[in-house]
Structure formats: C-alpha cells, structure tokens
Amino acid sequence: MAEEEVKFKVTIDGIPVEVAPGTTILNAARQIGGDIVPPAMCYYSKLEGSGGKCRTCLVKVAKGSEKDPRPMPKLVASCRTTVMDGMEVHNITSPEVIEARRGVVEFLLINHPLDCPVCDQAGECKLQDLSYEHGLEQTRFEFSKRTFERIDIGGKIQLHMNRCILCYRCVYVANQLTDNREHGIIGRGIHSEISTYIEKALDSDFIGNVIDVCPVGALTDRTFRFKNRVWFTKPVNAHRDCPTCSGKVTLWYKGEDVLRVTGRKDEFGEVEEFICDTCRFETKSTADWILEEPAPIDHESVIAANHYYEFNLPPVIQENKKLQLANEEQLARTERLK
Amino acid sequence: MQSLSNRKKVLEQKPMNIWERMYLPAIAKGLSITIRHFFKKIPTIKYPEQIRPYSKNFRGQHSLKRDEQGRERCTACGLCALSCPAEAITMIAAERKKGEEHLYREEKYAAVYEINMLRCIFCGLCEEACPKEAIYLDGPHVTADYLRKDFIYGKDKLVEPKFDITQLKQEKI
C-alpha cells in the first residue's frame, strides 16, 4: 500500500505554496522566491544545525494551522520553525516584522566596526545588504565598540573578530567538513569570540570554506587581502579535475589574472558545493581551469555595476533585417556571452 | 527680377565728394571713439595675475586630503572609481605597515592613485561617493600640456601638501 505523500499548504505573504512536512518557513519561502524570502545571516542550508542565532529571519505567523488557527504570540525565527498545514505567514507585509528586523540590524551593528571601505567583503557582504535595506542611517550606540587584534588563522585565512556577528557558520563548517574540531566560540554574551584556542593553525583540506560561509568580512582570504575591490573583478565559472572536491568554482578575474577563487554561490549567497583548499588557494592561473561562462550576478548587486553582459535589442532592430545586419558585430558579441 | 518678399533694398553708391575724399573727418571720428574707450571701465581682467571670484561650488582639479594629523585620508575603497562615469580614476591598494601610522589613516591606503584629466569631466561624483571625505575638486583649473601622458595625474600632484593645522588662519566670514 503506497502511502500518499502528504503536502502542507502554507501561505506566505498571500502566496500559497505546498511543501513537504518538516520544511521550515524559510525554506518554504525560498521555494516561492523573490522579495518575500526572509533574509538569513546565520542559517545555511548545507550546514546541519545552523540557524536560530541572528534573528534576522523573524516572521509573523498570523494563523498557526488549520486545526489550531490561533496566531503565534510572538514573532518566530523562520529558519527554525517548521510549517503546519494551513499556516499563514506574514513577512514583508507585516509592519511588525519590518520594525523587529530593523531592531535586529541595529543590534548586529552595535559592535560592528563599519569599516566597509577597508573590508574585502564589501560588495558581497550580507550585513551590508541587510543594513542597507533595513537599517537606520545613523547609529544610536554611544559607547566604545569592542575591539580585537587581527588574527591569522593558518597561512591563508584571516580573522577580524571586530566584524564577526557570531553566526556560528564557520564553527559548523569546521565541525562537519573537517575531521577534528579545532575552533569554536569561547566566552559568553558580549565577550564571546571565535577562537582556535591559542591561535592554533587550522590545517584541513576544507577549512577554506569558512571564508565562503562567513556572511560578513570576519573571515577573509589572505591571498586576496587588499588586492582589489570585489566589484572591479569579474566572476567566471570554471571547473577542474580535483581529487578531493567537485572542483566547481567561481574565478574572480581582474584583466588576465585570477585574483581569487571561491565556491559557486546561489541566489541566497550559499555555496553550491564546498571546495578544497588546493582549488581555493593554490591553483590561481587560467591554465589550471576549464572555463565555462560568466557567473550569473544579480543585476542589483554592485558587482554588476558597469558590466554590460547583454546588448539589449531595441524593438526596431528586432523587426528590421537591415538593421540586424548593420549591428551584426554587437549581436555576435552578445551571443558569445549568453 | 522682382524680389518676392519685397524687402530687398537696393543701395545706391554715390561718388564721394571732395570733403569725404580727404578722409580727415572720418579719421577724427574713428580716433574719438578709440580715445573715448581709454577712459571707460575695462570689462576684461589680466588673468594669471588677477583672478575673478569663483563660485563656491566650482569644481577644479582634485586634491586628496589629509586629516588633522597630516595623514592621508584615502583608504582606496574604490567607490570614486566606481561612481566615475568617465572611468578616469584607477588605484592600487596596499596595506599599511607597522610604523606608517603617521602617514596613513586607515590600515589600507592607495599606493597608486591616478586620475586621467583628459577623461575627467569634473562632475564631482567621486567627491560625493567618497566615504572618507578624502577627495575634493577644490583645486584650480587643470592646465594645458603637450603630451597625453602628462595628463595622468598621480599622487605626487593630487595629494595636498602637509600643513600644520595650528597655523591655519580662520577666515572671517
């Protein structure tokens, strides 16, 4: 007797979607996509147990389920709350959520140094996007921020504890991708910090992934440090035959040089597949890679600024054969980039 | 042929009489105009020595500013280059070493900073984009030169000279 697959019907901001039981509200929203996806700083779909730390994904549950239609008393973290049948969720349609999110952003920025002009993450920083969208223009924090010295973890990774928002993603990476846990969080509350215990060098094949999962500029690539700004480099997808990982990466070009190698990131800023440190740090020439295509970039991202991938056909050209012939060169160029 | 618009006016040239042929009255008349201008207010100025008052928002040559301790403010964040519609600005960043704290304000600084003055359209967007208040278009006009390469201004021409803030005189407004 084949059991019928049960699907829960959820409505997020008025958009209905059917998802499997056990799905979180955040993942249900991601299945719809678009503006209604709550931002997430700490949740990472590829890391087990992540989420529930940063509170940016707060949503309002207006109707608990079909059987129990009472609303949930407080805003809930959508990355940790699973859906119920007939649940109604308000994200951007609820002023309460927007207000709460603004408060969360303010809390995240309390100890953040706001050194974006210096930070290598600027341009692809989740906190930057979040505060641009939800934050206040000015800080109300009048006290001195906590400061730490910069720490080099191993030869290739640099930790700026000042910028850390304690999302624990890097800790989960170290736990789940590498053999033995070498770093974690010590201290509690405002004193907590990411540490490797006596700055022990992390040397594992996959430890470079902490750079990719870090939503802010706390863990950055030392080989890319101050080389260039993210938005002046051009991302190109490439792959190579790698014995340890899938070898599918994004190369960040400036002219002829590969300045940086990262994992391929999807629309939510999560890497598709974790890559090994050899791919990330050692192989930085075009000869090592088989190029595929320019990496897709959200057109609202600063990385897309001043890059013109497509030659948009004016309607006149689309209909006129003569004009198409006259613009042959431009059209061919666009065809190559598609 | 008859003019269509009827506005054509045919001038008749009469032969000059003796008084006119002497030219003397005409010369006197012309000279009197010239001499009258000696005593008039001159509308032009002698430019390099004398400069007209500029508008307060005049945009001239860029200058890279220093802070109150004489350190360079620019941190090579690249926002000026990003905002530049003419793509005139390029830079190479470098990390501040220990012992250079009196030279550069932030841990990153621009080792090379170049503006191509032939490309620049003096729109002032770099000034607007700068988060560190490091670049201002408050200089004079960019002067003419002979070679194209001389229009690429490096840090030697752009960074403002060091000054002692205690010696600065406050201008009375």
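Annotations for the structure displayed:
So that you can scan it fast, the table gives a plain yes or no per residue for (1) closer than 30 Å to residue B:82 by Cβ; (2) among the β-branched types (Val, Ile, Thr); (3) at pLDDT below 90:
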| residue | (1), (2), (3) |
| --- | --- |
| A:53 | no, no, yes |
| A:76 | no, yes, no |
| A:80 | no, no, no |
| A:84 | no, no, no |
| A:102 | yes, no, no |
| A:132 | yes, no, yes |
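- Being facing chain A (nearest Cβ under 10 Å) and at pLDDT 90 or above is a property that does not hold for residue B:110.
Condition check ((1) crowded, with 16+ Cβ neighbours inside 10 Å; (2) outside the structural domain of residue A:190 (by TED's automatic domain parsing); (3) touching a Lys or Arg at 6+ places or on another chain (Cβ under 6 Å); (4) in a helix (DSSP H, G or I)) across all residues:
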residue: A:46; (1), (2), (3), (4): yes, yes, no, no
residue: A:51; (1), (2), (3), (4): yes, yes, yes, no
residue: A:72; (1), (2), (3), (4): no, yes, no, no
residue: A:84; (1), (2), (3), (4): yes, yes, no, no
residue: A:123; (1), (2), (3), (4): yes, no, no, no
residue: A:130; (1), (2), (3), (4): yes, no, no, yes
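- Subset of the stretch B:51-87 (residues that are in a loop (DSSP other than H, G, I, E, B) and within 13 Å of chain A (Cβ to nearest Cβ)): B:73, B:74, B:75, B:76, B:77, B:78, B:84, B:85, B:86, B:87
- Meets criteria (farther than 18 Å from residue A:155 by Cβ and either within 14 Å of chain B (Cβ to nearest Cβ) or surrounded by fewer than 14 Cβ atoms within 10 Å (Cβ to Cβ) (or both)) for residue A:299: yes
- Check on residue B:94, within 13 Å of chain A (Cβ to nearest Cβ), within 22 Å of residue A:120 (Cβ to Cβ) and either without any contact (Cβ under 8 Å) to a residue 40 or more places away in the chain or open to solvent by 30 Å² or more (accessible area, probe 1.4 Å) (or both): yes
- Members of the stretch A:254-285 that are part of a strand (DSSP E or B) and crowded, with 18+ Cβ neighbours inside 10 Å: A:258, A:259, A:260, A:261, A:262, A:263, A:271
- Residue within the stretch B:153-160 that is part of a helix (DSSP H, G or I), aliphatic (A, V, I, L, M), touching a residue at least 40 places away in the same chain (Cβ under 8 Å) and touching a strand residue (DSSP E or B) at 6+ places or on another chain (Cβ under 7 Å) present: yes
- Selected residue (criterion: farthest from residue A:43 (Cα to Cα)) from residues of the stretch A:243-264 that are at pLDDT below 90 and touching a helix residue (DSSP H, G or I) at 6+ places or on another chain (Cβ under 8 Å): A:256
- Scanning the stretch A:211-252 for residues that are more than 20 Å from the chain's Cα centre (by Cα) and not in a loop (DSSP other than H, G, I, E, B), we see that the one that is farthest from the other protein chains (Cβ to nearest Cβ) is A:239.
- For first residues located in the stretch A:215-241 and at positive phi, partners that are of a type in the set (Asp, Glu) and lie 6+ apart or on another chain with Cβ distances below 8 Å form the pairs A:226/A:120; A:226/B:95.
- Where residue A:99 falls short, out of the listed (1) within 14 Å of chain B (Cβ to nearest Cβ); (2) without any contact (Cβ under 8 Å) to a residue 12 or more places away in the chain: (1)
- Output for the stretch A:3-26, where each listed residue is free of Cβ contacts under 8 Å to residues at least 40 places away in the same chain and open to solvent by 30 Å² or more (accessible area, probe 1.4 Å): A:3, A:4, A:5, A:6, A:7, A:15, A:16, A:18, A:20
- Test result for residue A:92, among the hydrophobic types (A, V, I, L, M, F, W, C), within 30 Å of residue A:161 (Cα to Cα), out of contact with any Phe, Trp or Tyr (no Cβ under 9 Å at 6 or more places or on another chain) and not assigned by TED's automatic domain parsing to the domain that holds residue A:129: no
So that you can scan it fast, the table gives a plain yes or no per residue for (1) open to solvent by 100 Å² or more (accessible area, probe 1.4 Å); (2) hydroxyl-bearing (Ser, Thr, Tyr); (3) touching a helix residue (DSSP H, G or I) at 6+ places or on another chain (Cβ under 7 Å); (4) on the phi > 0 side of the Ramachandran plot:
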site	(1), (2), (3), (4)
B:11	yes, no, no, no
B:30	no, no, no, no
B:36	yes, no, no, no
B:40	yes, no, no, no
B:50	no, no, no, no
B:70	no, no, no, yes
B:79	no, no, yes, no
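The values are calculated or read from the model by the stated rules, or taken from the named source; none is laboratory data. Bear in mind the structure is a predicted one, so any value in this text is a computation, not a measurement. All Cβ positions, even for glycine, are placed from backbone atoms using ideal geometry, and neighbour counts span all protein chains on display. Only protein heavy atoms, including side chains, enter the accessible area calculation; ligands, DNA and RNA are left aside. Shrake-Rupley method; radii C 1.70, N 1.55, O 1.52, S 1.80 Å.
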